[in-house]
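Working notes, structure below.
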Amino acid sequence: MPTHLGKRRLIDAPVLFADETPISVAGKTAWLWTFTAPDGTCWYAVTASRSLEALKGLGVLQGFGGILVRDDYAAYYSQTGPDRVRLCCAHLLRKLQSVVEACGEHSEVGAWAAQHQSVLRDAISAVKAARAEGKTSLDAQVLARIEVDYAHQAALGRALTDHLGDSDARRLARRLDEKRGQVLLFTRHFATGVEPTNNRAERSLRHTKTKMKISGCWQSLRTAQRWATIHTYIATVRAWGHSAADALRAALLEQPILNP
């Protein structure tokens, strides 16, 4: 798939899942980025840094008008705005579990973290059940209950951790409170493809760690960028149900697969 066509599909998608991970290039740290869309379109890019300028240089988010699912890396905010981004619940659940383990499940803060996990899992289960029933929105009463429960836990978390200073628990409680709209966005927009987690993007990066363990690293930034271009095509057409061999054969015949 020509790079510009894959990028155009991402820009036009109603939802994007984004993630980035450090990779080794000639003994130095570079960054591999991925953006995936609900239709399976996947796009990879490699940059020398994780800076805002590097993200801008990818040219994906400037024209994107949908909802971006990602972790809480600040650079994404300047490209999409806080009303069109959502936090990954998987990240939040793991961070809450860390608070439980650090503070103890029988402490006030640990008990709060465990209860907030329950609220998030309840919201995820409600959306999963609604999808299974073919619904495009949650029942009003279910949605209201989730939002009330979340608001209660967010307020409780702030009250219990405000005195803890610059601690992980306090920072997490503040994030959960101030960004509650971003956390619960999936409960209102799941019909358009917004998911509770960013697993779609995280899975698309997982194999690169295996590649580095086996082959070490890329020898130059240009080599890594060429790999990203080729892998964009292969990963996308495989997600569309084609084999990698068929995809490469079609590309060599100058007839690349361009549509699902």
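The values are calculated or read from the model by the stated rules, or taken from the named source; none is laboratory data. Note that the coordinates shown come from a computational prediction; the quantities given were computed from them, not determined experimentally. Glycine also receives a Cβ, built like all others from the backbone with ideal geometry; neighbour counts cover every protein chain displayed. Each accessible area value is taken on the protein alone, full model and side chains, heavy atoms only, with ligands, DNA and RNA left out. Shrake-Rupley method; radii C 1.70, N 1.55, O 1.52, S 1.80 Å.
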For the range 173-260, with all protein chains present and a 1.4 Å probe, just round the carbon and sulfur fraction of the accessible area to a whole percent.
52
Cα centroids of the range 26-94 and the range 144-210: how far apart, whole angstrom?
17
Of PRO256, TYR233, GLN182, which is farthest towards the positive pole of the range 167-260's charge dipole, taken about the Cα centre with +1 and -1 on the beta-carbons of Lys, Arg and Asp, Glu respectively?
GLN182
Computed over the Cα atoms, what is the radius of gyration of the range 168-257 divided by 2.2 N^0.38 Å, N being its residue count?
1.56
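Dividing the Cα radius of gyration by the Kirkwood radius, what Rg/Rh value follows for the range 1-102? Could you put the intermediate results ahead of the total?
On the way: Rg = 14.7 Å, Rh = 14.6 Å.
On the Cα set of the range 1-102, Rg over Rh gives 1.00.
Holding the Cα-Cα limit at 25 Å, pick out from LYS56/LYS135; LYS128/LYS179; LYS28/LYS56; LYS95/LYS179 the pairs that are longer than that. The partial results should precede the final answer.
Numbers: LYS56/LYS135 37 Å; LYS128/LYS179 22 Å; LYS28/LYS56 22 Å; LYS95/LYS179 15 Å.
Distance filter (> 25 Å) returns LYS56/LYS135.
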Bridge orientation stat for the chain from DSSP, antiparallel percent rounded to 5, came to 70
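Under the 0.36 nm per residue contour assumption, what length would be gained going from the current alpha-carbon distance of LEU221 and ASP168 to full extension?
Gain on stretching LEU221 to ASP168: 15.6 nm.
Please list the three semi-axes, largest first and in whole Å, of the ellipsoid equivalent to the range 107-214, using sqrt of 5 times the eigenvalues of its alpha carbon gyration tensor. Walk me through the intermediate numbers first.
Numbers: eigenvalues 138, 116, 23 Å².
The equivalent ellipsoid of the range 107-214 has semi-axes of 26, 24, 11 Å.
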Positive-end extreme of charge dipole, the range 17-125 - chosen from GLY57, LEU93, HIS106 (charges on Cβ):
GLY57
Skip the ligands, DNA and RNA, and give the accessible area per residue of the chain with a 1.4 Å probe, whole Å².
49
Span per principal axis, largest first, for the Cα atoms of the chain (Å)
62, 46, 31
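Please report, as a whole percent, how much of the solvent-accessible surface of the range 36-92 comes from carbon and sulfur atoms (probe radius 1.4 Å). Mind showing how you got there, number by number?
Details: 1050 of 1810 Å².
Exposed carbon and sulfur together represent 58 percent of the surface.
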Per DSSP helix of 4 or more residues, -39500 (n - 2.57); summed, then divided by the residues of the chain. What does that give at 222 nm, rounded to the nearest 500?
-18000 deg cm²/dmol
Quick check of the Kirkwood formula: for the range 148-198, what is the inverse mean of 1/r over all pairs of different Cα atoms, in Å?
11.9
Cβ-Cβ FRET estimate between ASP72 and ALA114, R0 fixed at 30 Å, reported to 0.05:
0.90
So for each of 248-259, 26-37 I average, over its residues, the number of other beta carbons within 10 Å; can you give me the resulting order with the highest mean first?
26-37, 248-259
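Once the piece of chain linking LYS56 and HIS152 is laid out straight, how much longer is it, given 0.36 nm per residue of separation minus the C-alpha distance between them?
30.8 nm
Scale the Cα Rg of the range 32-83 by the rule-of-thumb value 2.2 N^0.38 Å and send over the ratio, two decimals.
On the way: Rg = 10.9 Å, N = 52, 2.2 N^0.38 = 9.9 Å.
Scaled against compact globular proteins, the figure is 1.10.
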Place the peptides 105-118, 131-144, 158-171 in order of packing, highest mean first, counting for every residue the other Cβ atoms within 10 Å and averaging per peptide.
105-118, 158-171, 131-144
Summed residue charge, Cβ within 12 Å of TYR73's Cβ, Lys/Arg positive, Asp/Glu negative:
-2
